Amino acid sequence: MPFFWFSRISSGLLPVIFLMLAAFPLCSQPPTQASIYGPVKKQDYLLGKFQPTQHPAFVKLSPLGIPVRGEQMLRREAADALRRMYQDLHREHPKVEFWVQSSSRNWFDQKAIWESKWNGTTLVEGKALNKSIPDPLSRARKILEFSSMPGTSRHHWGTDLDINILTNVYYQSGNGAVLYQWLQKNAANYGYCQVYTAGRKKGYLEERWHWSYLPVSKILLKDWKEEFGRNTASLKGFEGFQASGSLAPVYVESINPNCQ
C-alpha cells in the first residue's frame, strides 16, 4: 500500500490488521510438478528413491500437534490438512484416540519390509512365507494382500498415512468405530480419502486405516501410471521382482474410484 495511506492508519488498528492477515492468509497455489518434486527427479520421487528428511516439502507431524507413534513425516500440504482434521475430530470427540502409526516411507524402507516377509524373517499370519509358500508368484500375491513392493507404495509420496491400529476389526467397535465413522463422513472435507475400500475386485485388501491426501496424490498417481504403468522394469532391485514386477500396475491403480 502507498506510504501516505499507511501513515494515516491509526496505530491502534495495526495489531488488528496483522491479526487478520495471519488468520486469513493468501490462498496457496494449486500444486504443480515443480512444487511437488522439488530437487528430486520425478522418476526417483515416484519410486521413493529419496530421503524425506532432506526434501524441503516434508515436515514432521509431532511439532504440529498431531499425535504420532515414532517420528512421522508428510508433505506440508497433507500435514496441514491432517492437523485441521485432527483438531476438528478432537473438538467433536475429545475422548476418541487418534494417532499416526505410519506415514512417509522411502524405497529402502519398503524394500526392507517386503524382503523381510519374502525371506521369512517377518512372519505373515504366523508363517514364514519362504517355507509355507515356495512358489514365487503365490508368495508375492500373499504379501501383496497388505504390503506394497518397493517403488509402488503410496507412502513414498508423502501424501498417505496409516492411523491407529492396522486391522479392520479395530474399526468395527468402540474407539475405532467412532473414529472410522467420523472419517467416512468428514475426511473428504479436508482432502482425504480411504484408498483401499471393500468391494474392489483387484489390488490390496480393504484397509480402513489408510488415508490419502488427494490434491497431491491424484497428480502423483497419474504421473506414476504414465512413467511405470507400461514399463515395470524400472522397479527392479528387490527380492521377488521377477515374480511380482508385472503385478505392480494392478495394485497401484486398483483403488477406490473416489480417490482417483
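Miscellaneous remarks
- As a summary of the residue check, S148 satisfies the conditions (1) surrounded by fewer than 17 Cβ atoms within 10 Å (Cβ to Cβ); (2) under 14 Å from F241 (Cβ atoms); (3) not basic (K, R) except for the one numbered (1).
- Checking each residue in segment 190-204 for being exposed (fewer than 14 other Cβ atoms within 10 Å of the Cβ) and in contact with a helix residue (DSSP H, G or I) (Cβ under 8 Å, 6 or more places away or on another chain) picks out only K202.
- Candidates K222, K218 - the one that is without any contact (Cβ under 8 Å) to a residue 60 or more places away in the chain, surrounded by fewer than 22 Cβ atoms within 10 Å (Cβ to Cβ) and within 12 Å of the chain's Cα centre (by Cα): K218
- Qualifying residue in segment 125-134 (condition: touching a helix residue (DSSP H, G or I) at 6+ places or on another chain (Cβ under 6 Å), surrounded by fewer than 19 Cβ atoms within 10 Å (Cβ to Cβ), of a type outside the set (A, V, I, L, M) and free of Cβ contacts under 8 Å to residues at least 24 places away in the same chain): no
- Check on A188, within 30 Å of E92 (Cα to Cα) and outside any helix (DSSP H, G or I): no
- Selected residue (criterion: nearest to W107 (Cα to Cα)) from residues of segment 206-260 that are among the small types (G, A, S) and in a helix (DSSP H, G or I): S234
Each reported figure results from applying straightforward, stated rules to the coordinates on display, with no laboratory input. Keep in mind that this is a model prediction, so the values were computed, not measured. Every residue, glycine among them, receives a Cβ derived from its backbone with ideal geometry; neighbour counts consider all protein chains shown.
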